[in-house]
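This report refers to the structure that appears directly beneath it.
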Ligand code: HEM
Ligand SMILES: [Cu+2]
Ligand SMILES: [Cu+2]
């Protein structure tokens, strides 16, 4: 294309400072990915009883770390890296003050380290610290205060990152009055707006309830309230992981396919819909909770179902953009054009396979959203089966694939081996197909998630699409392939970093077929959308929250406190038949620690 | 603006090369997807879910 | 704003799909009568269940003709009573609560599944068929011994049920 001549300078040539921070963020992200993958394979082999190298009581330390590292640090560090790239690139101007940028990066890194250390300390009895509460940290199980404090610090860091993007955009706006917000920046701003709304609830829950409680300042908390505040955040965070992948599918994938985005206006509409609908749906994670009226659950389901729309629209727009690319490359026929796509490029194949898995995840997501069918799959391994397709593949595989494209742009170093890259993304797809499929099937049989030993003494699972054992083997093989794939990815990247710098790696992004001029101006009115989003959240949550507080009180009906960090697991096991450590016993323990 | 990447490209006028394009292949693929979704849903909801023991009725 | 005709078609199909999903769930609720766990029960004091009339002695009792109530307490790491014995061809309402942390109550392979939150009582009603032994598992992480938390739900014949409750240690 004609842009070839203009594109001779890469991102790092133009914005070396920003490129450095993008690299730093991506590397933090991948560090979490590797640790997460090691933990992932340990727990896969453990729960399928193929190899048990840790005691089962440590399984939950592993699982907490896997969850937190994967969906908090891997995803969000990649996000801030990508968004920094996207804002700078699409506004074609540096961030307003790189020191602020490094500040938020440092804050996020410190927060994640605090949380990570508090979790990993659970492996040793030498330190009186543990956070085996899983990434959902449901009270009254209680983690070490540093776990909550670290999360709060991390979130504050991400807020400053958002402010950085907004301020850079405002500066750009002053320099370019009357221009449309470039698409990538638009996506970033919409996503961050959603993030502010969503994370406010979990920040409040941590700062008002959980942290003071873990410090012993308040005696107890309301489990339903803190749970609800978690899921207020917990569903939109899913879209927070997904939006960077969408940004890549909309703006980078079409270009790699040799085409261009089908419709800029629709892309904007989709992001607006996500801002509006991501948050007022969290109660769909609480369909089987007592203490919440069925009506609230139904409202949440209705919102959730409509949240399918932007994803379904995305499927069309993205595939159409790719088809356009194939046609440009000479593709013909109803489906024959599929063979005219650059399947040898790891960035292309990786993203396409990620999209395909997302389509499959769309089905299990529909089931998760269906209120009463939740009885069948709630808290079974079906659920991890589902989200390893979505965040674990649609997001993770897209990130890895995009790295093959973006890393040369931000470092001037060509990828060490693109062939290994291609092998790696296909391997991930195969591994996940096996693991996730078997997880779904086991879930329907009733096999629970989050358990070290899903085989029980008193009964056996009924057979369904293959027996329990067979499905375990599938999970174990799939998990192993995923682990190998991750190692190949990281190895390739590390070797890439050892490559010498070269020139001529620059890539450009073509404009959309139907450009922003076709998009109504109102789409760019951020204030309006944020106002509507907040209104919808208030409508969806005011009554349920009021009802919950009304029932149990701000600090709950009588509920004890169960610190996982003071009563080592084995004690709890020994206590199984006797009344558990009560709140007052715990309070005296706190005194001793102080 | 030609010196940079397509930073401002989304704001550029692109009407020059927007020849009408009908994504018929996409429509076909997505039609297949739609059919699979509907069939799987009908199976899992009406046969698998409603056919199980101990349906919660109150 | 220009939207391609095919995309409009897809939009319409998508809305149709959403209506099918919402319609199915609604049908499930009004046809077979699937009801959600909800706020039907008053909160309880989880730290004082031994003073609670229903939960100080977890048990199954007959509450009407062919109607039974099962009061179940979940705790780290088990369920009480265990096994939960209920008669065939009857309507059984489970009232499940926790005396410590959040647990799950899942009768494996069936639709009887609910969260168990301390301070709240989960109420679910099911209809039993023939005698069967079901596994009961906690499907919410509840501490280091979570994986040993299991129980049984035994659906027995009417005769056997009466035998159990009249003789031996029953009430
Ligand atoms: C190396 C590849 C991976 C393997 C082998 C793996 C394996 C597993 C397994 C077996 C579980 C279920 C454990 C249980 O419920 O008992 C699990 C849970 C989970 N995985 Fe992965 N996973 C991998 C990658 C990922 C990725 C890339 C993500 C997200 C970006 C992810 C996010 C999660 C989350 C959030 C959970 C749930 C944790 C919880 O229940 O608290 N995993 N993983
Ligand atoms: Cu959700
Ligand atoms: Cu448990």
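The values are calculated or read from the model by the stated rules, or taken from the named source; none is laboratory data. The structure presented is a predicted model; accordingly, all values stated were derived computationally and were not measured. Positions of Cβ are backbone-derived with ideal geometry, glycine not excepted, and every protein chain shown enters the neighbour counts.
Among the numbered conditions (1) within 11 Å of chain C (Cβ to nearest Cβ); (2) crowded, with 17+ Cβ neighbours inside 10 Å; (3) away from ligand 1 (no atom under 11 Å from the Cβ), the only one that residue A:454 does not meet is (3).
Can you tell me which residue is modelled with the lowest pLDDT among those in segment C:89-113 that are more than 16 Å from ligand 3 (Cβ to nearest atom) and in a loop (DSSP other than H, G, I, E, B)? Checking each candidate, the answer is C:109. Among the residues of segment A:500-527, write down those that are in a loop (DSSP other than H, G, I, E, B), touching a residue at least 60 places away in the same chain (Cβ under 8 Å) and within 31 Å of the chain's Cα centre (by Cα). Matches in segment A:500-527: A:505, A:506, A:507, A:508, A:509, A:510, A:511, A:512, A:513, A:515, A:519, A:520.
Within segment C:151-170, none of the residues are within 16 Å of ligand 1 (Cβ to nearest atom), assigned to a strand (DSSP E or B) and assigned by TED's automatic domain parsing to the domain that holds residue C:54.
A quick yes/no check of all residues on (1) buried (at least 21 other Cβ atoms within 10 Å of the Cβ); (2) modelled with pLDDT of 95 or more; (3) at positive phi:
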| site | (1), (2), (3) |
| --- | --- |
| A:169 | yes, yes, no |
| A:172 | no, yes, no |
| A:175 | no, yes, no |
| A:185 | yes, yes, no |
| A:203 | no, yes, no |
| A:208 | no, yes, no |
| A:212 | no, yes, no |
| A:220 | yes, no, no |
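Out of C:118, C:131, one residue alone is more than 10 Å from chain A (Cβ to nearest Cβ) and in contact with a helix residue (DSSP H, G or I) (Cβ under 8 Å, 6 or more places away or on another chain). It is C:131.
Just one of the listed residues (A:262, A:298, A:316, A:274) is under 23 Å from residue C:24 (Cβ atoms) and away from ligand 3 (no atom under 16 Å from the Cβ), namely A:298. Of all residues in segment A:271-283, those satisfying the criterion of being more than 18 Å from residue A:538 (Cβ to Cβ) and either within 10 Å of chain C (Cβ to nearest Cβ) or surrounded by fewer than 24 Cβ atoms within 10 Å (Cβ to Cβ) (or both) are A:272, A:273. For segment A:327-347, a residue qualifies if it is surrounded by 24 or more Cβ atoms within 10 Å (Cβ to Cβ) and either at pLDDT below 95 or within 13 Å of residue A:257 (Cβ to Cβ) (or both), and exactly one does: A:347. Evaluate segment C:24-34: report whether one residue or more is in a loop (DSSP other than H, G, I, E, B), surrounded by fewer than 22 Cβ atoms within 10 Å (Cβ to Cβ) and within 16 Å of ligand 3 (Cβ to nearest atom). No, because not a single residue in segment C:24-34 is in a loop (DSSP other than H, G, I, E, B), surrounded by fewer than 22 Cβ atoms within 10 Å (Cβ to Cβ) and within 16 Å of ligand 3 (Cβ to nearest atom).
The helices (runs of 4 or more DSSP H) found entirely in segment A:334-389 that carry 2 or more residues being within 16 Å of ligand 1 (Cβ to nearest atom) are A:346-369, A:382-389.
If you filter segment C:60-88 down to residues that are outside any strand (DSSP E or B) and either free of Cβ contacts under 8 Å to residues at least 12 places away in the same chain or within 13 Å of another protein chain (Cβ to nearest Cβ) (or both), you find that the one that is farthest from ligand 2 (Cβ to nearest atom) is C:65.
Quickly run through segment A:423-438 and pick out the residues that are crowded, with 24+ Cβ neighbours inside 10 Å and within 14 Å of another protein chain (Cβ to nearest Cβ). Across segment A:423-438, there are no qualifying residues. State whether one or more residues within segment A:298-318 are touching a strand residue (DSSP E or B) at 6+ places or on another chain (Cβ under 8 Å) and within 14 Å of chain B (Cβ to nearest Cβ). Yes, there is a match, as at least one residue in segment A:298-318 is touching a strand residue (DSSP E or B) at 6+ places or on another chain (Cβ under 8 Å) and within 14 Å of chain B (Cβ to nearest Cβ). Do you know which residues across segment A:511-520 are surrounded by fewer than 21 Cβ atoms within 10 Å (Cβ to Cβ) and within 14 Å of chain B (Cβ to nearest Cβ)? Those that are surrounded by fewer than 21 Cβ atoms within 10 Å (Cβ to Cβ) and within 14 Å of chain B (Cβ to nearest Cβ): A:517, A:518.
Each residue in segment C:95-114 was checked for being within 17 Å of residue B:56 (Cα to Cα) and either at the interface with chain A (Cβ under 7 Å from one of its Cβ atoms) or under 9 Å from the mean Cα position of the chain (by Cα) (or both), and 12 pass.
Scanning segment C:65-88 for residues that are away from ligand 3 (no atom under 16 Å from the Cβ) and out of contact with any strand residue (DSSP E or B) (no Cβ under 8 Å at 6 or more places or on another chain) gives a single hit, C:65.
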